[in-house]
Each structure stands twice: as C-alpha cells, then as structure tokens.
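The values are calculated or read from the model by the stated rules, or taken from the named source; none is laboratory data. Given the structure is predicted, the values throughout are model-derived calculations rather than measurements. Backbone-built Cβ (ideal geometry, glycine too); neighbour counts: all protein chains shown. Note: areas computed on protein heavy atoms with side chains; ligands, DNA, RNA excluded. Shrake-Rupley method; radii C 1.70, N 1.55, O 1.52, S 1.80 Å.
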Amino acid sequence: MIKRLSDFITAAEEFVYSHTALRYLWYIGIVLALLLFWVYGEDAGTAFVYNAF
Amino acid sequence: MKLLKIIARALVLPVLVLLTFLGVAFAITAAVPEYKDSAGDDNYTQKIRGLYLLGQSAAKSDNIIIYGSSELRTLEISTNPANFFAGKRAGFQVNLIGRGSCQSLTHAMSIAASGDSLTGGKVVLITSPQSYVKDGIAADLFMANFSAQQYLELMADDGLSPEIKKDISRRAAELLGQYKALHGSAGADNAVMYLAQHNANPGAISTLRNAVTAPYYSFMRYAYGLKDKAASGRLLESLREAEESAPLREIDWAREESAAIEEARLMTGNNDFGILDDYYTTYIGTRLGRQKDKDAGLDYSVSKEYGDLRILFEVCRQKGIEPLFVHVPLHGQWSDYTGFTAQRRQAYYENVKKIAEEYAIEILDLTGYEYEQYFLCDIMHLGWKGWLEVDKALVGFYNSR
C-alpha cells in the first residue's frame with residue numbers, strides 16, 4: 001500500500017517537473033495556499049514570522 | 001536571442017506570483033460586504049487592531065467614532081451610547097473602538113495609521129485614570145492591543161512628522177522589548193520590534209538591517225491589509241443591519257436621568273458604593289475590609305502615560321482631527337475608602353487638563369462628579385449618570401460639525 005502510494009507520488013512528481021507549465025502551476029499553487037493560510041488562519045501571522053528574525 | 005529567452009523564462013514565475021497576489025487581493029476586496037452601522041455597537045477586535053472598518057465608518061457622515069477602553073464594555077447599562085443612541089435616535093450612529101487596556105498610545109497608533117479617513121473629522125477620546133501609574137501602560141497590556149499593521153501603515157504616512165513617528169517608535173520599541181524580555185518571542189513579530197528600534201534610534205547596523213528587510217515590511221503591509229479585509233468581511237457577514245428608528249427631535253434629558261437612576265438603583269442593591277451588584281460580589285464583597293487604605297501609596301502625579309497622551313493629541317493635531325476628550329473622574333467615595341486621597345486625585349486631574357489645554361483640545365470635564373451617586377457603575381467605569389453626561393455632549397458634538 002505504502003509502496004504503491006510512494007510510486008504514485010514519485011511518478012506524479014516526475015510528470016509535473018517534466019512539464020514547465022505544470023511546474024509553474026505547482027509553484028503558484030503553493031504560493032496561493034500559503035497566502036490563503038496567512039489571510040484566513042487565526043494565528044497564521046504568528047506562525048509565519050514567529051522565529052523568522 | 002538566446003539571452004532574451006533566458007530573461008523571459010526567468011521573469012515568468014515572478015510575474016505569475018505577482019498576478020496571483022493581485023488576484024487574491026482583488027477577490028478578497030470584492031467579497032467584503034457593504035459596511036453595516038451595527039458594527040459600531042460593539043467593540044470588535046477587527047476595529048481595534050485593523051483599519052478597514054475604521055475607514056468605512058469614518059466615510060459615513062453620520063458616524064461618531066468613540067475611542068475608549070474597558071468602559072465601552074458596559075453594555076448592560078442603558079445609557080451607554082451604543083444603547084442610548086440605538087436606531088440613530090439622535091440622527092447618528094456611534095462606533096465604539098477599544099477595550100480594556102486600550103490607552104493613549106494604542107489610540108494614537110490607530111488614528112495615526114488611519115491615512116486620510118479621519119482627517120478633518122471629529123472623534124471622541126476616553127482614557128482611564130488607572131493607566132496613569134508611574135510606568136504607564138504595562139508591556140503585556142500594550143501587546144494585547146498592538147497592531148503591526150497599524151504600526152507599518154503609520155510609518156509609511158508622509159503626512160506625519162518624523163518627530164511624532166520617532167516618539168511613537170520609541171514607546172513601541174520600549175514596550176515590545178519589555179514584552180519580549182518577559183515572554184520571549186511568542187506573539188510578537190520581532191521584525192516589527194527591530195523596525196521600531198531602528199526608527200527610534202537609528203544606527204549603522206540597524207540601518208543596514210532595515211535596508212535588507214524593507215521588502216519584507218512592504219510585503220507585510222500588503223498581507224496585513226488583506227488579512228484585515230478578510231476578517232472585517234467575515235464580521236460584516238455575521239452582523240445584521242442596524243434597525244433605524246425615526247430620529248427624535250428632542251430628548252427629554254430629565255426623564256432619561258430619572259430612568260437611569262431607577263435602573264441604577266435596581267442594579268446596585270448589595271452595597272453602599274453605588275457599584276454594580278455583580279462587580280461588587282466578584283471583586284470586593286467579603287474582601288471589603290482588606291481594601292481599606294490599600295491605595296495609600298498610590299500616586300498618578302508622575303506617569304509615562306502623560307507622554308503617551310501628548311503623542312495622542314499631537315497625532316490628532318497633525319491629522320487635522322478635532323477630538324472631544326472625556327476626562328473621567330475616579331470614584332470619590334471608594335477612593336477615600338482605599339486611601340487614594342482627594343489631593344492626589346486632583347493632581348492627576350490637573351495634569352491631564354493642562355496637557356489638553358496645551359493642545360487646545362475640547363474637553364468634557366467630568367471630574368467634578370466624583371461623589372455623584374451612580375455616575376460610575378463600579379470603581380472606575382462610567383455608569384448610568386456618567387454616560388448620560390457623555391450622551392448629552394455627543395448630541396452637541398454631532399450637531400456642531
């Protein structure tokens with residue numbers, strides 16, 4: 001089960017990284033997720049900057 | 001040609017990220033419901049630490065913004081302005097901003113960060129006597145209401161003088177530093193503390209650090225602004241529209257006072273101080289004997305809060321705001337019992353009055369009502385008759401603009 005899941009993730013990762021457009025979409029997705037977490041998370045601001053400086 | 005292709009490919013991702021940020025900002029802004037006057041009836045955190053709701057309220061010509069502290073929470077009293085003027089019975093809506101420990105510096109930062117939204121307007125300011133202890137506001141109480149968004153916004157406001165920004169930064173750096181020493185980094189954005197330290201006392205290293213972190217501060221202004229709008233939007237969605245009643249031409253103040261006294265009598269049956277029953281039971285009650293002369297050493301004649309009050313008045317002056325400052329009395333009978341003498345109380349009253357006169361601030365001086373029964377609802381907060389005096393002043397204040 002775990003082996004199959006691992007193989008699937010690896011294959012998906014290779015597929016995404018072999019296509020420039022998909023790779024960029026993946027990066028944008030991460031940025032969007034972080035931004036929405038910051039905006040809507042209750043103490044997200046603290047979580048982000050807590051030990052950054 | 002190959003070089004152009006490399007540059008173009010390098011720019012694609014940053015441009016996409018920028019478009020994502022702009023798209024999110026647009027979507028969140030578009031989703032915020034229209035401002036509702038009922039947001040003014042309670043002291044929501046979004047109004048204390050944010051700026052969006054303040055700007056929306058200030059844009060409405062029939063809103064009176066009241067900056068205060070814990071006395072704003074006395075919503076069980078019918079003469080509290082939020083109750084007394086419900087339904088715009090005198091033609092205006094009050095907007096309560098503040099909660100416990102919101103003192104001069106917190107109000108000053110909110111007003112300083114308001115951009116042009118309050119410029120040329122009027123606000124009501126209420127501060128509490130108990131913050132005039134020697135060291136002024138405590139670091140943890142300041143931190144409970146501190147807004148990094150407001151600090152970053154006021155520092156970016158070219159309309160404020162470098163001197164006032166430095167004064168605010170000096171106090172913010174001092175209190176943020178004290179808070180960090182007490183509690184570590186939890187809850188505080190160290191980058192904002194470093195910025196305040198730099199603005200208060202710039203040095204070579206802090207200037208270098210500030211140059212490196214400048215993009216971070218710019219981004220944080222954008223991010224805090226978005227978060228403020230999203231939180232304000234959620235609040236506005238949860239509120240009902242304020243119900244408006246037909247404005248009354250005249251308020252019968254004598255009748256209102258009789259009703260206030262009757263209400264006070266019913267709510268203060270278990271003590272001789274005219275204090276709310278619940279408050280008396282919780283904080284005094286069987287411990288009354290131990291309170292005798294406990295404040296014999298208390299002194300409000302020297303306090304950092306006076307400096308913060310100057311900052312608040314100076315910010316109002318630079319913003320072109322005409323404030324009405326409510327000078328709240330102490331509870332005379334209670335203060336005599338606890339040993340905070342009339343002479344020392346008078347010294348505090350005079351200090352505040354002198355500062356208000358220095359800045360030509362319109363003052364509603366209630367300090368002569370120390371011994372008026374039911375003027376306060378406990379040992380420090382405005383009560384039935386105290387709020388009624390404020391209500392009378394608000395009507396005059398609104399009609400004079």
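Segment B:255-350 holds no helices (runs of 4 or more DSSP H) entirely within its bounds that carry 3 or more residues that are basic (K, R), touching a His at 6+ places or on another chain (Cβ under 7 Å) and closer than 18 Å to B:Y371 by Cα.
Counting the residues of segment B:42-98 that are in contact with a helix residue (DSSP H, G or I) (Cβ under 9 Å, 6 or more places away or on another chain) and closer than 22 Å to B:L152 by Cα gives 16. One residue stands out among those in segment B:7-28 that are of a type outside the set (A, V, I, L, M, F, W, C) and open to solvent by 60 Å² or more (accessible area, probe 1.4 Å): the one that is nearest to the other protein chains (Cβ to nearest Cβ), which is B:R9. Scanning segment B:217-233 turns up at least one residue that is within 14 Å of chain A (Cβ to nearest Cβ), open to solvent by 90 Å² or more (accessible area, probe 1.4 Å), out of contact with any Pro (no Cβ under 6 Å at 6 or more places or on another chain) and in contact (Cβ under 8 Å) with a residue 12 or more places away in the chain. Residue count for segment B:170-191 satisfying the condition of being open to solvent by less than 50 Å² (accessible area, probe 1.4 Å) and more than 12 Å from chain A (Cβ to nearest Cβ): 7. Being touching a Leu at 6+ places or on another chain (Cβ under 9 Å), open to solvent by 20 Å² or more (accessible area, probe 1.4 Å) and not hydrophobic (A, V, I, L, M, F, W, C) is the filter here, so list the residues in segment B:150-169 that pass it. Once the filter is applied, which keeps residues that are touching a Leu at 6+ places or on another chain (Cβ under 9 Å), open to solvent by 20 Å² or more (accessible area, probe 1.4 Å) and not hydrophobic (A, V, I, L, M, F, W, C), segment B:150-169 yields B:E153, B:K165.
Residues checked against (1) within 21 Å of B:S110 (Cβ to Cβ); (2) away from chain A (no Cβ under 14 Å); (3) free of Cβ contacts under 8 Å to residues at least 40 places away in the same chain; (4) more than 20 Å from the chain's Cα centre (by Cα):
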| position | (1), (2), (3), (4) |
| --- | --- |
| B:Q149 | yes, no, no, no |
| B:I168 | yes, yes, no, no |
| B:M193 | yes, no, yes, yes |
| B:Q197 | no, no, yes, yes |
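I need a count of the residues in segment B:355-371 that are in a loop (DSSP other than H, G, I, E, B) and surrounded by fewer than 17 Cβ atoms within 10 Å (Cβ to Cβ). Quick ask: steps written out before the conclusion?
Of all residues in segment B:355-371, those in a loop (DSSP other than H, G, I, E, B) come to B:359-361, B:366, B:370-371.
Within this subset, residues satisfying the condition of being surrounded by fewer than 17 Cβ atoms within 10 Å (Cβ to Cβ) are B:359-360, B:371.
The total comes to 3.
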